[in-house]
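The block underneath contains the structure these notes are about, expressed in structure tokens.
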Amino acid sequence: MTTVPACYDVDIVHRRRTPVDYTVTHQMTTWLVDYDDPPRLDGRKHRLCRFEPADHVDVRALLDHSPDQILMLAQPRVLGYVFNPLTVFYCLTGAELTHLVAEVRNTYGERHSYVMRADELRTDKELYVSPFYEVEGEYTLRLPLPDERLTVSVTLHREGEPPFVAAMTGVRRERADLADALRRPLETRAVMAGIKKHGITLFLKGLRPVRRQDDQHRNRSGVDVRR
């Protein structure tokens with residue numbers, strides 16, 4: 001059974017097999033909250049740690065229907081900073097999971113939202129994410145509704161190459177106290193630092209950034225400005 005708010009201790013693994021074999025692993029916490037009514041702290045603590053609507057896409061504006069409930073998987077803004085490479089929105093009608101929205105952010109301040117039916121979790125890549133990959137290929141995702149356990153899996157398929165896989169798995173804590181995030185104030189900053197560190201490692205292993213093309217036509221909200 002899914003209850004919110006919920007906090008998960010998770011393991012994250014990124015596996016790249018070409019042109020070099022390289023695996024990234026790290027641990028962190030993430031939250032599952034009600035998109036319309038996230039947990040709040042009182043007084044000064046609220047200013048220090050919160051889920052800020054402006055940090056995320058307006059999910060309801062993306063959908064052609066109004067779900068009964070939207071659950072959001074993300075980290076909160078702590079001490080004025082947050083960076084969520086992937087935010088997942090689970091859209092429910094009654095108890096049925098009907099749609100998912102995957103909001104992807106890159107380290108250049110850009111984002112793109114992929115809207116998918118729950119029974120068809122496939123989509124073309126539309127955002128420049130890793131500097132070592134072009135904006136091409138297809139994602140397949142595995143995003144079951146979290147309960148006691150959390151599973152998020154994203155696989156990038158590119159013609160003639162083995163897939164790139166990113167996965168996050170974890171277990172729900174017995175207690176979900178948003179104030180705990182203040183006891184780990186550098187956790188969300190560590191996400192950005194880790195991405196840059198591993199980018200440098202791949203560069204030293206011989207990978208070189210690819211030239212950006214399609215994304216030069218996108219603004220920071222992920223909207224195609226050529227129209």
Q) Just a yes or no: is a residue in the range 50-62 in contact with a helix residue (DSSP H, G or I) (Cβ under 7 Å, 6 or more places away or on another chain) and either part of a helix (DSSP H, G or I) or open to solvent by 40 Å² or more (accessible area, probe 1.4 Å) (or both)? A) no
Q.
Residues that are at pLDDT 90 or above, of a type in the set (F, W, Y), closer than 18 Å to L86 by Cβ and not in a loop (DSSP other than H, G, I, E, B): does the range 199-212 have at least one?
A. no
Q. Taking T29, is it outside any loop (DSSP other than H, G, I, E, B), closer than 17 Å to A176 by Cα and out of contact with any Pro (no Cβ under 9 Å at 6 or more places or on another chain)?
A. yes
Q: Could you grab me the full set of residues in the range 66-103 that are touching a Lys or Arg at 6+ places or on another chain (Cβ under 7 Å) and within 13 Å of V4 (Cβ to Cβ)?
A: none
Q: Identify, by number, the condition in (1) open to solvent by 30 Å² or more (accessible area, probe 1.4 Å); (2) closer than 19 Å to M28 by Cα; (3) of a type in the set (A, V, I, L, M, F, W, C) that V129 doesn't meet.
A: (2)
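The values are calculated or read from the model by the stated rules, or taken from the named source; none is laboratory data. What you see is a predicted model; the values in this text were computed from it and never measured. Because the Cβ atoms are built from the backbone with ideal geometry, glycine has one as well, and the counts that use them run over all protein chains shown. Only protein heavy atoms, including side chains, enter the accessible area calculation; ligands, DNA and RNA are left aside. Shrake-Rupley method; radii C 1.70, N 1.55, O 1.52, S 1.80 Å.
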